[in-house]
1. If you line up the Cα atoms of segment 1-55 on their principal axes, what length do they span on each, largest first, in Å?
2. Could you work out how much longer the chain between residue 376 and residue 433 gets when fully extended? Use 0.36 nm per residue separation minus the Cα distance between them, nm to one decimal.
3. Could you work out the per residue convex hull volume over the alpha carbons of the chain, in cubic angstrom?
4. For segment 210-354, what's the relative contact order in percent, using C-alpha pairs closer than 8 Å and at least 6 residues apart?
5. Report the charge-dipole magnitude of the chain in Debye, nearest 20, computed about the Cα centre from +1 at each Lys and Arg Cβ and -1 at each Asp and Glu Cβ.
6. Could the peptides 222-230, 4-12 be put in order, highest first, of the mean number of other beta-carbon atoms found within 10 Å of their residues?
7. What FRET efficiency comes out for the pair residue 95/residue 268, r = Cβ-Cβ distance, R0 = 51 Å, nearest 0.05?
8. Starting from 0.36 nm per residue, how many nanometres of slack lie between residue 321 and residue 15 once their C-alpha separation is accounted for?
Amino acid sequence: MEPVHAVVLAAGKGTRMRSDLPKVLHRVCGQPIVQYVLDALHHAGISAPILVIGHAADRARQVIGPQVRYAEQTEPLGTGHAVLQALPQVPDDGHPVVVVYGDTPFLRAETLQALIDLVDPTGYGRVIRDRDGRVQRIVEEKDGSPEERQVQEINAGTYVFDQRALRDGLRALSPDNAKGEYYLTDTIGWILSHGRTVSALAVAADEAMGINSRQDLAAAETVMRQRLLASLMDAGVTVMDPATTYVHAGVTVGPDTTLHPQSYLEGATIVGARCTVGPHAHLMDATLEDRVTVIESTVTQSSVGEGTRIGPYSNIRPGCRVGRDVEIGNFAELKNAAVGDGTKVHHMSYLGDVTVGARVNIGAGTVVCNFDGKRKHHTIIEDEAFIGSDTMLVAPLHIGRAAVTGAGSVVTKDVPAGGVAVGVPARVIRYVSADPQR
Ligand code: UD1
Ligand code: CA
């Protein structure tokens, strides 16, 4: 492929959004609008685009980062004027220049590719179509007549310019129009009137959709979501109800996983194969290995091991690493908790700032009292411990291997391995085995 340069326009204020945030930084399916355009360029093999920013430029630099080069347009004097601000950074090497508006997130890489392939029809015959779009005849370049047409097609706002034509066309712009702006679109007429060719690629209307208002933003959210869900379904995911399943751009889901209604998969969420998600699951930056079930529950910035079952009605807050074949049941809350394989946390319990071993049983109503009013403290519960119902574990604490706490006990001191501690405050009354380990 011939090298091409790319300019992305994102300097407009987005007046119709009525927002302090630059329009192209508003999010559709969790991702800034302009990022979709940058992704399309990237997938079309077009590197190092120049992003024209203006309104809240610092914010744009912050969000988009070093993936682009920046040009600044300090006053929004129109799309043509915006491209002019980028031109000094375009090497004057005659290679074509792709110009894209930052507010058209549905643009596909394949379309950019097709548009680039159209770029120079010089020397080729032209396909003439009739009113129904059927090919009528082929006219050789030398024989064709310039014929003005009444067209129904709208301008999608994505262009590949011959670099010379763009430079000359922009220089000739004047703001004598209703908005008093330098319209990029006026270069098309100029290029045509100076004896050059302009070819148009017809694409589906949905791909051309630009976002100007909050209503457009909501419509885009729906369309983009259906597109993301369609690609998940193509990859083997069952989506019970696409209308109520919300998936962010960049989320991955393994084959034979089922997404039930009213589920939200957000941020950098990764879901393995053969999982059951929902109904009413909310995953934010969550990593689920294979065969995990999350029903009516929330998992945030945490990882969950293979075969583990969460819910209904549990809240896995940031910083949790839940092992394999764990059961986390009704009304359990976990925060900054490492939970070993095969452990059970069934009913109405809170585990905060804990390291829990394997095959531990956390009884109903267990609470880790991790906060003393000033500081958070850590608790360790070793393998095979049995925490009785309604135990208060006053952190910091170390509950040894296979230790037992009695129902209703308030544990304020470490319990050695094998120790059975009961009461308020709890005291060790005997050992599970005759030979205590310490
Ligand atoms: C533009 C096109 C229109 C096309 C439509 C497709 C022009 C004059 N009109 O209209 O033919 O059908 O897009 O979506 O080009 N921008 C700047 N600096 C400016 C003005 C705009 O960087 O001074 C940027 C905006 O941030 C935006 C993009 O250019 O990302 C398009 O601007 P917008 O005002 O949305 O143009 P439309 O009225 O939608
Ligand atoms: Ca627009």
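1. 41, 24, 13
2. Working: separation 57, 0.36 × 57 = 20.52 nm, distance 3.32 nm.
Full-extension gain reported as 17.2 nm.
3. On the way: hull volume 79.2 nm³, N = 438.
In the chain, the Cα convex hull volume per residue is 181 Å³.
4. Values: 427 pairs, mean separation 17.1, N = 145.
It comes to 12 percent, rounded to a whole number.
5. So the dipole magnitude of the chain works out to roughly 1360 debye.
6. Numbers: 222-230: 17.0, 4-12: 26.0.
For the peptides 222-230, 4-12, the packing ranking is 4-12, 222-230.
7. Working: r = 36 Å, r/R0 = 0.70.
Step by step, r from the Cβ atoms, then E = 0.90.
8. Details: separation 306, 0.36 × 306 = 110.16 nm, distance 4.47 nm.
Working it through step by step, the gained length comes to 105.7 nm.
The values are calculated or read from the model by the stated rules, or taken from the named source; none is laboratory data. Just so it is clear, the structure is predicted and the values come from calculations on it, not from any experiment. With ideal geometry, Cβ positions are generated from the backbone for all residues, glycine too; neighbour counts draw on all protein chains shown. Side chains included, ligands, DNA and RNA excluded: accessible areas come from the protein's heavy atoms. Shrake-Rupley method; radii C 1.70, N 1.55, O 1.52, S 1.80 Å.
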